[in-house]
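In what follows, a structure is listed as structure tokens, so that the remarks can point back to it.
Please treat every number below as a calculation from the coordinates, not as lab data. What you see is a predicted model; the values in this text were computed from it and never measured. Positions of Cβ are backbone-derived with ideal geometry, glycine not excepted, and every protein chain shown enters the neighbour counts.
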Amino acid sequence: MKMKTFITAAVASISLMAVSAVAADLSIVSGSTGKDLEFMTKELAKFTAATGNKVTIVPMPSSTTDQFGQYKLWLAAGNTDIDVYQTDVIWAPQLADQFVDLTATAKDVAKSHFPSIIESQTVNGKLVAIPYFTDAPALYYRKDLLDKYKIAPPKTWDEMAAAAKTVLDGEKSADLQGFVFQGNAYEGLTCDALEWVKSNGGGQIVEADGKISINNPKAAAALDRVKSWIGTISPKGVLAYQEEESRGVWQLGNAVFMRNWPYAFALGNGADSKVKDKFDIVPLPSGGEGGSSAATLGGWNLAVSKYSKNVEEAKKLVMFLASAEVQKANALEASHLPTIESVYDDADVAKNQPVIVKWKAIFQNAVPRPSAPTKVKYNEVSSLFWSAVHDTLSGNGTSADNLATLEAKLTELKGDGWK
Ligand code: GLC
């Protein structure tokens, strides 16, 4: 078969996959954040060369919330057109019934992934998805601007806000913003707000044992602090920003600080970036006394639809994309954090993307969103939380009132237990 001649050393992991007798037409959804589409297109060409299977990418909106809504519709309708779904780390309990069990398929490689991630994708003994990359955010800061004003990278949120103000006052630029983050009313705000609350000693919204903890003074104080940034160090428009809007402002050189995931690192150092070589990252600040830095655990996985007409070939595809080779390439090209531990020890990764190695500890200490304790109700829990936060930041009710109302709504949703 001619196709086999295309197999290169880089795809050694799939060289054992026989070219199928009858090649399948597969489709996979892809996120469209940063370089995701470009990267996936390149990797799929290798898969096609090795297996003969053609793969169509169905691009998704970059909002994980919109993506989840689309998946729910497709899966409820038993859509046979999508074979492979990319799934957010928080979705396994909610979508478990719609995907095939990958336990047997992944039995030889599951142990090479971080056990905590495999565990997050396992529901009642079923491996719902195989990890593709993991995520833990950073505080991006402009080295050149902080050096100019002789400011050290901040360790607390108040230090960050003070530093931003010093730089803004000094630069007197109408375009420059102090701090950009994900303030839109969607899952990204749940991630950011969990960090503000947790780093201030205000808990994790719903704790691991299922207890609703969000209505407390430290959580309220954390939100009040962020509210004071809106219209001062952060633009009012930040309340409509997702990841890509924040990165857009940042990459044009128009922000002193940004909260974002590691993907923004490679892009920020791209040839067309205005901040190339002018920035670095540090762990997110803490709330000060009684708090410590908190990074929300993110990440993406690959699942095979139980409605797929080509389950066996689709399994090959997820195994290929989750392989160490592809994860290494994703780390080098898109600064995505691998889920396979050995990739962090790879000499090329250490040399060309040292930030990945540095971020391993941040990821290992990352705070999970309460998707495990709240089970199939996580999406509703998150949506109630981000709405309460968005209302507070928009000046629609006080933090104390909004968190008290949130507690009442969560209690009603929980009923006699999260099931
Ligand atoms: C990133 C994270 C994901 C999170 C999303 C929120 O994509 O990997 O886990 O839900 O951001 O916007």
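Numbers at a glance
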read-out: Candidates per trypsin sites (Lys or Arg not before Pro) in the stretch 161-268, loop by DSSP, up to 13 other Cβ within 10 Å; value: Lys172, Lys211
read-out: Compactness of the stretch 251-349, expressed as Rg and Dmax over alpha-carbon positions, Å; value: 17.8, 56
read-out: Table column - 3J(HN,Hα) (Hz), the stretch 259-265, Karplus curve with 6.51, -1.76, 1.60, x for Gly and Pro; value: 9, 7, 7, x, 4, 6, 6
read-out: Sequence-separation-based contact order of the stretch 233-382, relative, with Cα cut under 8 Å and 6+ spacing, percent; value: 18
read-out: Gain upon complete extension [Glu341, Asp277; 0.36 nm per residue less C-alpha separation]; value: 20.3 nm
read-out: Pair-distance profile P(r), taking every C-alpha pair of the stretch 17-148, with 5 angstrom steps and integer %; value: 2, 8, 15, 17, 20, 18, 9, 4, 3, 2, 1, 0, 0
read-out: Degrees between helix 311-321 axis and first principal axis of the chain (Cα, 0 to 90, nearest 10); value: 50
read-out: Residues with amide H under 5 Å from that of Ser292, placed H, sequence gap 5 or more; value: Gly201, Gly287
read-out: Cα Rg, Dmax (largest Cα-Cα span) when computed across the chain, Å; value: 21.7, 68
read-out: Translational D in µm²/s for the stretch 81-170 (Stokes-Einstein at 20 °C, 1.002 mPa s, Kirkwood Rh from C-alpha pairs); value: 129
read-out: Fraction in percent of alpha-carbon pairs per bin - 10 Å, the stretch 120-261; value: 11, 36, 32, 15, 5, 1
read-out: Cα convex hull of the stretch 20-88, projected area averaged across orientations, nm²; value: 4.9
read-out: Nonlocal amide H pairs with Ser27, under 5 Å, H built at 1.01 Å; value: Thr56, Asp83, Val84
read-out: Positive-pole candidate from Gly299, Gln364, Thr41, dipole of the chain, charges at beta carbon; value: Thr41
read-out: nm² value of the averaged projected area, convex hull over the Cα atoms of the stretch 356-419; value: 5.9
read-out: Selection from Thr80, Pro115, Asn53, by position along the positive dipole direction of the stretch 25-167 (Cβ); value: Pro115
read-out: Principal-axis tilt of helix 64-76 within the chain, Cα atoms, nearest 10 degrees; value: 40
read-out: Taking the C-alpha atoms of the stretch 218-265, convex hull volume expressed per residue in Å³; value: 91
read-out: Spatial separation of Cα centroids for the stretch 63-110 and the stretch 370-419, in angstrom; value: 25
read-out: Mean-position separation - Cα centroids, the stretch 202-256 and the stretch 301-318, in angstrom; value: 37
read-out: Those lysines that a straight Cα-Cα span of less than 30 Å connects to Lys172, excepting residues fewer than 8 apart in one chain; value: Lys143, Lys148, Lys150, Lys155, Lys227, Lys236, Lys274, Lys276, Lys278
read-out: Whole-angstrom Cα spans of the stretch 264-419 along principal axes, big to small; value: 51, 49, 30
read-out: Long-range amide H partners of Val180 with built H, under 5 Å; value: Phe257, Met258, Arg259
read-out: Over 23 Å between alpha carbons, listed pairs Lys316/Lys377; Lys315/Lys375; Lys35/Lys328; value: Lys316/Lys377; Lys315/Lys375
read-out: Degrees, to the nearest 10: 157-171 long Cα axis against longest axis of the chain; value: 80
read-out: Residue-span extension gain [Lys143 to Asp348] - 0.36 nm each, minus C-alpha spacing; value: 71.3 nm
